Amino acid sequence: MSIIIVDYGMGNLFSIYNALEYVGGNPKIARDPGELAGAKGIVVPGVGAFGSCMNQLSRFSDSLLSCFQEGVPMLGICVGMQVLFQESEESPGAPGLGWIEGKVVRLPDGVMIPQMGWNSLYIKHRVEIFDGISEGDMFYFVHSYYGQPRDKSVIAATTDHGVELAAAVHKDNLFATQFHPEKSGPKGLRILKNFVRSTIC
């Protein structure tokens, strides 16, 4: 089976599809929850507002949870990371998937919003997907909100943009990034290659 990219109408599928194909991921795009069955890995991209994304993603939520509980390697990107949390200041009243306890908050006043551009990564936990990634390597961010996990041990890496914020989280078979690895040059491709490797049993 392939690595499945979840198409719920809110992701930049072209970039992530091409990047995964480049690193040997044999990606396929799923527009129906039933297409997640048997996936070797799952990628949840995201562009847009939290509430709109959850409204579109909700039809996949049961299938995604089943895959997560079954240990399928999963990668969330940008808003695809934020929807893992319980809620977001961007869309009050819209529940997230809730796989990570905590909420998504707006970047502080006095900084460029959205954060758009390259920023350094500071590794907190040396997980497998960071193989070949060094402290201070640069990755590409585009966002106005960021996740605040209640359990800080799930924070795999941080970056600074007026505040130290979670740039990547890791929980069991789940890894998610606030930055876009598919737009982050060779280092981003290395992360995607590491993810592909994690799906090979």
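Quick look at the numbers
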item	result
Residues Ile155, Ile16, Ile29 arranged by fewest to most Cβ contacts within 10 Å	Ile29, Ile155, Ile16
Cβ charges +1 (Lys, Arg) and -1 (Asp, Glu), total dipole of segment 3-198, debye	300
Net lengthening on full extension, Glu89/Asp151 (0.36 nm per residue, minus Cα-Cα)	20.4 nm
Segment 159-201 versus segment 25-42: alpha-carbon centroid distance in Å	19
For q = 0.09 Å⁻¹, Debye-computed log10 I/I(0) when each Cα of the chain counts as one equal scatterer	-0.28
Amide proton proximity set for Asn26, modelled H, under 5 Å, gap of 5+	none
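Here, each number is a calculation from the coordinates, and none is a lab measurement. The structure presented is a predicted model; accordingly, all values stated were derived computationally and were not measured. Cβ atoms come from the backbone with ideal geometry, glycine included; neighbour counts cover every protein chain shown.
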